[in-house]
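All remarks here apply to the structure that follows.
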Amino acid sequence: MVHRRDRIDYNGLTLPSNMKLPVHDSHSSQSSPFSPAHVAAVAATAVMPGGVLRTVAAPCRPAAVVKWAGGKQALATHLVRFFPRNLGTYYEPFLGGASVLLALNPERAIVGDMNGWLMDTYEALRADWEKVACLLDGLPNTKQDYLRIRATDPANLDPYARAALFIYLNKAGFRGLFRVNAKGRFNVPYGAYERRYYDPNNLRCFAERLRAVELRRGDFELILAGVCAEDFVYFDPPYYKAGGYADFNRYTHCRFREGDHIRLAALCRELDERGVRWAVSNSDTPFVRSLFDGYDAQPIASRREINLKSQKRDVFELLIRNYTSVECCGKDAGLLAPCARQLELPVAGV
Ligand SMILES: C[S@@+](CC[C@H](N)C(=O)[O-])C[C@H]1O[C@@H](n2cnc3c(N)ncnc32)[C@H](O)[C@@H]1O
């Protein structure tokens, strides 16, 4: 916390120096950080006249606000060079952390995901990101607190507290994993990271970016309702297991199984017949190659952040497309791996 003469900087907030700051005693407090009284108190500070002023910087290109298993943070800016020049409406039905959407920055976009809590979080951020940020500021990062907060049932929270809980668990939990048990309860262990939960400027830019897109939720087939011939779809499903190992596949209470990969490939063929352009990312396996037989399949060097052993993070994945390189916005040759090497994908992290 930095004190100036008439103002205090507090977790990215600029506050008047006479303002009472919330005190979080992580050891003594056993009450829920999402209790109605606490949420009301935090909401009040967010709207206090002349009180909270968040630092506003120049317009920016936001980054993802959650770390997401299988996320394309490292690859997104390269990947979008493989996308067509003219997109029509951009569809992304496996949105996850939204890295690809952010790197592409299309004029019109319809995006979504089956993880309802993730989509709720995005909805809450675009409605009032500051309210979410204020609630996050009140969440202590110790193992004891993490386990207590993790036990909160998100169904009992208002949309902003639900969003704050989601981001908190993502940042304080082990490697940013989203893993739920069969009952849909979050069960990722504590991560013990010393890092802030959010960057206020990035959160603001992210929320602004979300306001310009249509958010949907549910299965990928539903998210694509209304797609037509001029449009472009990017599919980044949970990857098909490779090398005998199961890749990470627990983003929702129901897994993405072999039958779902078959369903996705069938949809792609149908879209192709209707003239809709698409690109699909997936593991480079004989199964995936056979599903998309007849289409252009490029092996691309990628990095899997989820693996514990750094030497196992460099792997190759496939980008399958139903359009030609001539239509692309970038020169993609430099991105291709020299050969279609079959590598083992890592074991998911915990
Ligand atoms: C590999 S991740 C996408 C990562 C994303 N491209 C990024 O950069 O963060 C796959 C996503 O598919 C979602 N998902 C799983 N099954 C789905 C389904 N049937 N329909 C739509 N989304 C689904 C998961 O919740 C997860 O966010």
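Here, each number is a calculation from the coordinates, and none is a lab measurement. If you're wondering where the values come from, they're calculated on a predicted model, not measured in any experiment. Here Cβ is always computed from backbone atoms with ideal geometry, including for glycine, and neighbour counts include all displayed protein chains.
A few notes on this one:
- Links that overshoot a 26 Å alpha carbon limit, given the list K72/K131; K131/K183; K72/K143; K72/K241; K143/K183: K72/K131; K131/K183; K72/K143
- Packing, taken as the mean count of other beta carbons within 10 Å per residue, orders the peptides 271-279, 170-178, 157-165 from highest to lowest as 157-165, 170-178, 271-279.
- Proximity of backbone amide H atoms, modeled 1.01 Å from N, is registered between F316 and S302, L343 at under 5 Å, excluding neighbours fewer than 5 places apart on the same chain.
- Share of pairwise Cα separations in the range 108-255, more than 22 Å, in percent: 47
- Near F178, the amide H atoms lying under 5 Å from its own belong to A69; only residues 5 or more places off or on other chains count, and H is placed 1.01 Å from N.
- Residue-wise HN-Hα couplings along the range 64-79, as the Karplus relation 6.51 cos²θ - 1.76 cosθ + 1.60 with θ = phi - 60° gives them from phi, are 4, 9, 10, 7, 10, 4, x, x, 9, 3, 6, 10, 4, 5, 6, 4 Hz; Gly and Pro carry x.
- Scattering profile of the range 150-224 at q = 0.12, 0.14, 0.17, 0.22 Å⁻¹ [log10 I(q)/I(0), Debye over alpha-carbon scatterers]: -0.45, -0.61, -0.89, -1.20
- If R0 equals 22 Å, the separation of the Cβ atoms of R196 and C60 corresponds to a calculated FRET efficiency of about 0.85.
- Label point distance in nm, R255-R289, each placed 7 Å from Cα along Cα→Cβ: 2.5
- With a cut-off of 11 Å between beta carbons, the residues surrounding R162 carry a summed charge of -4, where Lys and Arg count +1 and Asp and Glu -1.
- Pairwise label distance in nanometres, D272 with E230, each label 7 Å out on the Cα-Cβ vector: 2.5
- Of the GluC sites (Glu not before Pro) found in the range 113-216, those that fall in a DSSP loop while having at most 15 other beta-carbon atoms within 10 Å are E194.
- Distance between the range 67-101 and the range 131-157 - C-alpha centres, whole angstrom: 30
- Shape class for the range 63-134: prolate, because the ratio a/c of the largest to smallest gyration tensor axis (alpha-carbon atoms, square roots of eigenvalues) is 1.5 or more and a/b beats b/c.
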